[in-house]
Amino acid sequence: MKNCIVYPFLYNAVFSMGYAWTLELARRTNRSIKLFSVISQQHEDNEKEACYYAYLKAQSDYAQHYIAKHQHVPQVKLSQVCIPTEATTPYFTLAEQLVKQVEHQPGVLVVLQPELFSNDEQQHIIQSSPSAIILPEAIEQTPEDIPARKFFDIFLRSRHFRVPDTFIHDLSRDTSLFNHLTSFFGRR
């Protein structure tokens, strides 16, 4: 799991924009992504299928808002982890299982959508993971958003914890915002 971004989600929560932002982060920093969710043993087959459909919807939203605006399609490795739990409501075990997955994994960056976790759960995840980013609440997408500008706007409004210097260096090499502004002002 080294140089990996872990993105936790629940199939019944809205996570498309946070997922799209995380894919852009992975593309810009050349990291792989591991999607992470929990499901109940009682409804394992149905919830695995629901996780997959939620992932497909998020991927579709990403393609609609981001890929169409790129010159090339980002190469991002995805793997989905669904952990069966005893609980009938997986929401209560998502933070606990996430901590178990990332606490002794160097080089892992966890990207959290704050609506899925209480403040105490967020603090526990931050303390247990090597590095973390908490996205701003209620990320919205509008048709006129420019992917590069939107990406950096969300990045600046996010909270960052123990993000390694190499990560910032990789991100700073991305010239898409500069290229966009150059082409925009060059047309005038």
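Every read-out reported here was derived from the displayed coordinates using simple, explicitly stated rules and does not represent laboratory data. Remember, it's a predicted structure, so these values are computed and weren't measured experimentally. Neighbour counts are summed over all protein chains in view; Cβ atoms, including those assigned to glycine, are modelled from backbone coordinates with ideal geometry.
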Q.
If I histogram all Cα-Cα distances within region 1-42 using bins 5 Å wide from 0, what percent of pairs lands in each bin?
A. 6, 21, 28, 21, 12, 8, 3, 1
Q: Scan region 1-38 for trypsin sites (Lys or Arg not before Pro) in coil per DSSP, keeping those whose Cβ has at most 14 other Cβ atoms within 10 Å, and list them by number.
A: K2
Q.
On a 19 Å Cα-Cα criterion, which of the cross-link pairs K2/K150; K34/K57; K34/K100 come out too long?
A. K2/K150
Q: Figure the gain on full extension for Q64 and T166 (residue separation times 0.36 nm, minus the Cα-Cα span) and round it to one decimal in nm.
A: 33.7 nm
